[in-house]
Amino acid sequence: MGNFILGRLLQAVLTLFVVSLFIFLLVRLTGDPKQVLLPIEASIEQYAQLEKALGLDDPLPEQYVRWVGKMLVGDFGTSSSRQIAVSQLLRERFPNTLMLAGSGFFLAIAVGLPLGVLSAAHRGRGTDVSARVFAILGQSMPSFWLGIMLLMLFPVRLGVLPAGGKSGWTSIILPAVTLGWFSTASLLRLTRSTMMETLSSDYVKLARIKGLSERTVIWKHAFKNAALPVLTLASLLLFGLITGTIIAETVFAWPGMGSLVLSAVVNRDFVVVQALVIVISAMYIFGNLTVDILYAFLNPRIRYG
Amino acid sequence: MLLEVKNLRVQFDTLMGLSSPVDGISFSLEKGETLGIVGESGCGKSMSASAILRLVPPPGRIVDGEVLLDGTDLLKASAANMRQVRGHYMSMVLQDPVASLNPVFPIGNQVAEAVTVSQRLRRRSLKEKVIELLQRVRIPSAENRIYEYPHQMSGGMRQRVAGAISFASNDLKVLIADEPTTALDVTVQAQYLDLLKELQADVGFGLIFISHDIGAVAELCDKVSVMYAGKIVETGPTRTIINHPRHPYTKALLDCLPRLNEVKRLEPIGGEPPNPFAFPPGCRFAPRCPRATELCHTQYPDFVQIDENHDAACWYANES
Ligand SMILES: Nc1ncnc2c1ncn2[C@@H]1O[C@H](COP(=O)(O)OP(=O)(O)OP(=O)(O)O)[C@@H](O)[C@H]1O
Ligand SMILES: [Mg+2]
């Protein structure tokens, strides 16, 4: 087990290295940040000065090493469009996005998972039919449209729940539903189909032959086997949620990273773009690592294989 | 009477239409007795076994009949009572016992679970009981193997674990073994049958032994029921069925099954068993029967009593 974790860890670090190299080169290939940073009428001396200040005249390897070194101590540079430290921006925005994504994820787990299990256990009956309608709705409504509909129904029509911004815990409900319904539906459907499979397996039949209660049969014997694919999807969904908040954040004016990414790209604020992409990639890579390790704990065949 | 099954019928309502893979079967079993059920693949043996334990997979349903255990109809029992019955009195070894162990739990855990349903034991004595059960099915160094996962064991060993699970209860009355040996090689098969016999002598449960292997049936069973297309077509003492079969299907089946200690040319039965969605109106074997008449094709024959314990459902059962 120790070897397994160590191996996966090395793999993750290596992946992150390759990704950072890629981002570094890509940002330098797609345009000259100096032209964005300086006004059109700037002189050649000003260009040279800026180049020196940003270290853009040094050889690339040196720039790369400096960039990575600074990031390792939490220095992500300064946003050119906002004139504040990127780390400061991240500190402000990231918790909000995490909170929103977390709420969406909580919704997916708390609703999608049990509904999927119930749906499989009572297939063809009322619970199953309503759960499937709920899932189809979630997967067929585009989230910008869903967001606008929710906005029109609750704050505008019924006068309940805040229409936007971040104020008190109720303000997260609508953006979380907008963000999370799709994931809830995906998780529900996958849980349902894997549970159907495990519920018809011989080991579930044997569990019933033993005289175990239906609850033990479903949640222990069937669900623990269904949990493997469900867990994989759930983790992918989580990263999808964290990195996919742009629409929900925009519709409900939620002060997270989604809007930050958008404005950084529009303003060609390459320091911010660079930092956001590397942070998001790191989250993705180490998130996957966590899932792999959890997976191995759940599935003895991987652990010993 | 320990177990009496009367007119048991299982129905599947599917997109392809209605089918009755088990279509009104009846038999009985005394304490300590062994009943063999034989028949071609797909004739409904496993489904009958599932129906007796009320574990027919959806969308299948038991639509008719009675399953009397010590005179109580299990089909009328509540779900909770039925779980008690499964945990204490009736058990089953599935046709593919190797697939019947849950891959994500250690085997000791899975045996212990079966024990706790019928007995309240402290941790220590539970572990001892699990080891004892595993030793009983001759699993070597059982105390170390309880921590192993199914995929770490050989097929034969997993088979034995499934066996240990099936008689974990102290008050087992009926054990159904669904072709318990087909997945094993010959030497292991013989060992397993010995084990089964020994346990039955010990515990005294009634055994329903489903098999293709007429040799194993002859060795183990007191009586045999022959199934064809969802129905039992002949029942009788094992010797009689093997030596003096009356139903043409039984004869055909005996001719094509390999027998122990006998070198004989196997003659496969011509044709195929009928589609369960469209059973023929008369005798279901008529389309393949060499001596079928007009009557056979139009009317289903009732059981004809040949001897005290020997019945055959054939219009001409008394003629040969
Ligand atoms: N889930 C199901 N839905 C519909 N029909 C089924 C289902 N399972 C089994 N059947 C049908 O029930 C019939 C009896 O199957 P069963 O498994 O009892 O046969 P069997 O006698 O045990 O055969 P084998 O010797 O191959 O084990 C078959 O015709 C099969 O097609
Ligand atoms: Mg079978």
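The values are calculated or read from the model by the stated rules, or taken from the named source; none is laboratory data. Only a predicted model underlies this, so the values are computations on that prediction, with no experimental measurement involved. As a convention, Cβ positions derive from the backbone with ideal geometry for all residues, glycine included, and neighbour counts pool all protein chains shown. In case anyone asks, the SASA skips ligands and DNA or RNA and just uses the protein heavy atoms, side chains included. Shrake-Rupley method; radii C 1.70, N 1.55, O 1.52, S 1.80 Å.
Out of the helices (runs of 4 or more DSSP H) lying entirely within the range B:116-169, which hold 3 or more residues that are under 20 Å from residue B:190 (Cβ atoms)? Break it down stepwise before answering.
On the way: elements: B:123-136, B:142-145, B:155-166.
Helices (runs of 4 or more DSSP H) meeting the threshold: B:155-166.
Only one of the numbered conditions (1) closer than 15 Å to residue A:230 by Cβ; (2) loosely packed, with under 15 Cβ neighbours inside 10 Å; (3) within 14 Å of chain B (Cβ to nearest Cβ) is violated by residue A:120, and that is (2).
Residue A:106 meets each of the listed conditions (1) of a type outside the set (A, V, I, L, M); (2) open to solvent by 80 Å² or more (accessible area, probe 1.4 Å); (3) at pLDDT 90 or above; (4) farther than 28 Å from residue A:178 by Cβ apart from (4). If you check B:31, B:45 for being under 26 Å from residue B:173 (Cβ atoms), surrounded by fewer than 18 Cβ atoms within 10 Å (Cβ to Cβ) and not β-branched (Val, Ile, Thr), only one passes: B:31. As a summary of the residue check, residue A:58 satisfies the conditions (1) touching a residue at least 40 places away in the same chain (Cβ under 8 Å); (2) part of a loop (DSSP other than H, G, I, E, B) except for the one numbered (1). When B:60, B:87 are screened for being away from ligand 1 (no atom under 16 Å from the Cβ) and at pLDDT below 95, only B:87 passes.
Criterion applied to B:91, B:20 was being more than 13 Å from ligand 2 (Cβ to nearest atom), open to solvent by less than 40 Å² (accessible area, probe 1.4 Å) and under 12 Å from the mean Cα position of the chain (by Cα), and the one residue passing it is B:91. Restricting attention to the range B:304-315 and to residues that are touching a residue at least 40 places away in the same chain (Cβ under 8 Å), open to solvent by 30 Å² or more (accessible area, probe 1.4 Å) and part of a loop (DSSP other than H, G, I, E, B), the residue that is nearest to residue B:10 (Cα to Cα) turns out to be B:309.
For the structure I just gave you, tell me whether residue B:131 is touching a residue at least 12 places away in the same chain (Cβ under 8 Å), more than 14 Å from every other protein chain (Cβ to nearest Cβ), closer than 16 Å to residue B:49 by Cβ and surrounded by fewer than 22 Cβ atoms within 10 Å (Cβ to Cβ).
No, not satisfied.
The strands (runs of 3 or more DSSP E) found entirely in the range B:31-100 that carry 3 or more residues being within 14 Å of chain A (Cβ to nearest Cβ) and among the aliphatic types (A, V, I, L, M) are B:90-93. Reported count of residues in the range B:25-36, each being more than 16 Å from residue B:240 (Cβ to Cβ) and within 14 Å of ligand 1 (Cβ to nearest atom), is 1.
Scanning the range B:184-213 for residues being in contact with a strand residue (DSSP E or B) (Cβ under 9 Å, 6 or more places away or on another chain) and either within 14 Å of another protein chain (Cβ to nearest Cβ) or within 16 Å of ligand 2 (Cβ to nearest atom) (or both) gives a total of 6.
Scanning the range B:32-59 for residues that are in contact with a Ser or Thr (Cβ under 8 Å, 6 or more places away or on another chain) and within 16 Å of ligand 2 (Cβ to nearest atom) gives B:35, B:36, B:37, B:38, B:56, B:57.
Return yes or no: is residue B:187 within 16 Å of ligand 1 (Cβ to nearest atom) and open to solvent by 50 Å² or more (accessible area, probe 1.4 Å)? When the stated conditions are applied, residue B:187 does not pass them.
Taken over the range B:258-276, the criterion of being at pLDDT 80 or above and open to solvent by 70 Å² or more (accessible area, probe 1.4 Å) is satisfied by B:272, B:275.
Cβ-Cβ contacts under 7 Å between residues 6 or more apart (or on different chains), taken from a first residue in the range A:211-231 that is facing chain B (nearest Cβ under 7 Å) to a second residue that is aliphatic (A, V, I, L, M), are listed as A:211/B:117; A:212/B:117; A:221/A:204; A:221/A:207; A:224/B:104; A:225/B:104.
Hey, does the range B:62-74 have a residue that's under 14 Å from the mean Cα position of the chain (by Cα) and more than 16 Å from ligand 2 (Cβ to nearest atom)? No, the conditions are met nowhere in the range B:62-74. Scanning the range A:181-192 turns up one or more residues that are more than 14 Å from chain B (Cβ to nearest Cβ) and open to solvent by 60 Å² or more (accessible area, probe 1.4 Å).
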